[in-house]
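Structure, as structure tokens:
The values are calculated or read from the model by the stated rules, or taken from the named source; none is laboratory data. None of the values given here were measured: they were computed from a predicted structure. So basically every Cβ, Gly included, is an ideal-geometry build from the backbone, and we count neighbours across all protein chains shown. All accessible areas refer to the heavy atoms of the entire protein, side chains included, with ligands and DNA or RNA removed. Shrake-Rupley method; radii C 1.70, N 1.55, O 1.52, S 1.80 Å.
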Amino acid sequence: MENTNNNWIEMSDLAIIQNIGAFIKDQRLKINKTQAQVATEAGVNRWTLGQIENGEAITLLSLIQILRALDLLYLLEGFTIKQEISPLELAKQEQNKRQRASSTTTTNFNQSDW
């Protein structure tokens with residue numbers, strides 16, 4: 001069983017690329033596809049797929065295409081921007097929140113000012 005606890009902060013850029021490449025290769029083999037098959041589905045050269053699997057750098061666009069072909073785009077969920085409201089803004093919204101319901105007023109158009 002291999003070590004799955006990577007300390008990404010302590011790793012060099014090259015080591016991170018090598019880990020990503022090993023992961024892609026592992027996932028490709030799990031679904032029993034050749035490099036040529038995945039490369040064709042991804043719209044990249046087989047050489048490009050071989051590059052990342054061997055721990056060499058590729059473009060971000062190529063990586064996204066490969067992840068899409070391997071059905072691994074869910075891995076990008078960590079890049080989601082979450083809208084967070086500051087405590088001050090939340091307090092302002094609470095202050096402006098309606099406290100009471102107002103009665104509906106009806107206007108009598110038949111009444112004359114005379």
Any aspartates and glutamates whose Cα falls less than 20 Å from that of Lys97, other than same-chain ones fewer than 8 residues away, would be Glu84, Glu89
For the stretch 14-70, the accessible surface attributable to carbon and sulfur atoms (probe 1.4 angstrom, ligands and nucleic acids excluded) amounts in percent to 55 percent
Expected unfolding gain across Gln93-Asn32 under the 0.36 nm per residue rule, minus the alpha-carbon gap, is 16.6 nm
Rounded to the nearest 10 degrees, the helix 87-96 long axis (Cα) sits at an angle to the longest Cα principal axis of the chain of 30 degrees
Given Cβ charges of +1 for Lys and Arg and -1 for Asp and Glu, the option among Ser102, Leu29, Ile85 whose Cα lies farthest towards the positive end of the dipole of the chain is Ser102
Contour minus Cα-Cα span, Thr80 to Asn19, at 0.36 nm per residue, comes to 19.7 nm
For the chain, dividing by residue count, accessible area per residue (probe 1.4 Å) in Å² works out to 87 Å²
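What size of dipole, in debye to the nearest 20, comes out for the stretch 10-114 about its Cα centre when the only charges are +1 on Lys and Arg C-beta atoms and -1 on Asp and Glu C-beta atoms?
300 debye
Kindly give the semi-axes, whole Å and largest first, of the ellipsoid equivalent to the stretch 5-54, taking each as the square root of 5 times a Cα gyration tensor eigenvalue.
So the equivalent ellipsoid measures 23, 12, 7 Å along its semi-axes.
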Given 89-101, 42-54, 8-20, the highest-first ranking by average Cβ count within 10 Å works out to 42-54, 8-20, 89-101
With Glu53 itself left out, Lys, Arg at +1 and Asp, Glu at -1 over residues whose Cβ is under 11 Å from its Cβ give +1
Expressed to two decimals, the chain has a Cα Rg over Rh, using the Kirkwood radius, of 1.50
